[in-house]
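As structure tokens, the structure follows; a few thoughts come after it.
Each value in this text was obtained by applying a stated rule to the coordinates, not by laboratory testing. Source: prediction; values computed, not measured. Cβ coordinates were reconstructed from backbone atoms using ideal geometry, including for glycine residues, and neighbour counts include every protein chain displayed.
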Amino acid sequence: MQNNNSRKTVLHMESVGSTHKKQKTKDDIISKLPGSVITRNASVDIFMGKDVGGSASYVQETESCVFILLKQFSEVKCIKFLASEVLTQPNVAVLPKFAMLSHLDLGFVSGEVLLGLLQKSSVLNTLLFKGISKFDQELLNSAVVPDCLTSTLQVVKFGNVRGSDHEQFLAKYFMENGMVLERMSFSLANAQLSCKSKWFRFTMFLLLIVSDATISTVFLLLTT
């Protein structure tokens, strides 16, 4: 859909398939993709249907289709992809750079995939994700800090926070390396409401490190 006033194209890519429906092949996906001129400067929402207990071949086909979509949309400014749990580090590693991407909205994502996407997005300004799975902390310690953290990333929003060690580590990583970071927000997962002591420790942890960081504002949001 083309918006002539803002000259911004919004593309909605629906489900790539389900075991209960006829699966789209990679050729089907490719035939419906817009050209690179159309996708440049666009905002892209990628929606995928849920599949419970899918076969290994279906999972592989889904991952392949997602890779094709992201590769095609390498020149967009905004990506919303809430089914990001299907991404794997090897897939992300071979993606092109998202040289114009300023806004990235993800679902649940692994630390490895998140780092890989940040390294591909040198001008990213806003990062949102619904949750982060456990990851090897040494990965961040040994990796080169993504360019966006040192130059452009201003807003980071954590979703479904449970006060875990890996969430604390990632928050500290952003605060210590985000040279232009202005705001971070943390939304509490519903399941965490019954464990107030853990959430309190997480809050205290943030207060201890925020004084040494360049970030100007931290929001702690309680979801119900």
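Report the local net charge at residue 160: Lys and Arg +1, Asp and Glu -1, summed over other residues whose C-beta lies under 12 Å from its C-beta. All intermediate terms of the calculation are to be shown ahead of the outcome.
Values: positive: 130, 157, 162; negative: 167.
Result for the neighbourhood of residue 160: +2.
Given the pairs 71/157; 97/134; 71/134; 80/130; 97/157, which are separated by over 20 angstrom at their Cα positions? Display every interim value, and only then the final one.
Values: 71/157 25 Å; 97/134 25 Å; 71/134 26 Å; 80/130 11 Å; 97/157 22 Å.
From the list (71/157; 97/134; 71/134; 80/130; 97/157), the Cα-Cα distance tops 20 Å for 71/157; 97/134; 71/134; 97/157.
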Q: Please express the shape of the stretch 107-165 as an equivalent ellipsoid: the semi-axes are the square roots of 5 times the eigenvalues of the C-alpha gyration tensor, given largest first in whole angstrom.
A: 18, 15, 9
Q | Cut-off 15 Å between beta-carbons: net charge of the residues surrounding residue 92, Lys and Arg +1, Asp and Glu -1 | A | 0
